[in-house]
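Working notes, structure below.
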Amino acid sequence: MSPVAKTVALLLASNVFMTFAWYAHLKNLSDRPWIVAALVSWGIALFEYLLQVPANRIGHTALDLGQLKILQEVITLAVFVPFAVFYMKEPLRLDFVWAALCICLAVYFIFRGSAAAGSR
């Protein structure tokens, strides 16, 4: 498996944990004190970091820092939208489409000029 593919896989898993750590407490722990939500979120975030740190280390062998960051943002939006719609029961809004288009432009600008995606 290529470094970029490994990075994407690890970042996808990492972002699932991150999204739950950051937002699931709004649904599941809204009746609990904020400190409880913070501690539970911290526990979830540990697993996010256990995946994200190796993902970035592997990714940085094939991508420059800007490319790695934009890849992270694409994955974040790809994980967040289904989470918001299916788990949090938020309506699917046109704003998600506009945000995705902006990120597509960011991908274009950060990867243009690369001989091949993933080359440094």
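Where a number appears in this text, it was derived from the coordinates with a stated rule and is not lab data. Since we're looking at a predicted model, the values are computed, not measured. Note: ideal-geometry Cβ built from the backbone for every residue, glycine included; neighbour counts use all protein chains shown.
Taking the Cα centre of the chain as reference, the dipole from Cβ charges on Lys and Arg (+1) and Asp and Glu (-1) amounts to some 160 debye.
How about LYS6: which aspartates and glutamates have a C-alpha closer than 20 Å to its C-alpha, ignoring those fewer than 8 places off in the same chain? Counting by Cα, and skipping residues close in sequence, LYS6 has these aspartates and glutamates nearby: GLU48, ASP64, GLU73. Reachable lysines from LYS27, Cα under 29 Å, same-chain residues fewer than 8 places away excluded? Within the straight-line limit of under 29 Å, LYS27 reaches these lysines: LYS69, LYS89. Which stretch or stretches of region 46-68 have amide N atoms under 18 Å from the point lying 7 Å from LEU77's Cα along the Cα→Cβ direction? Answer for region 46-68: 66-68. Membrane-span-like helices in the chain, defined here as complete DSSP H runs extending at least 30 Å along the helix axis by their C-alpha atoms with mean Kyte-Doolittle hydropathy no lower than 0.5, are 34-59; this is a sequence and geometry rule, not a statement about a membrane. Pairwise Cα separations in region 32-120 fall into 5 Å bins from 0 onward with the following percentages, short to long: 3, 12, 15, 17, 18, 16, 12, 5, 2, 1, 0.
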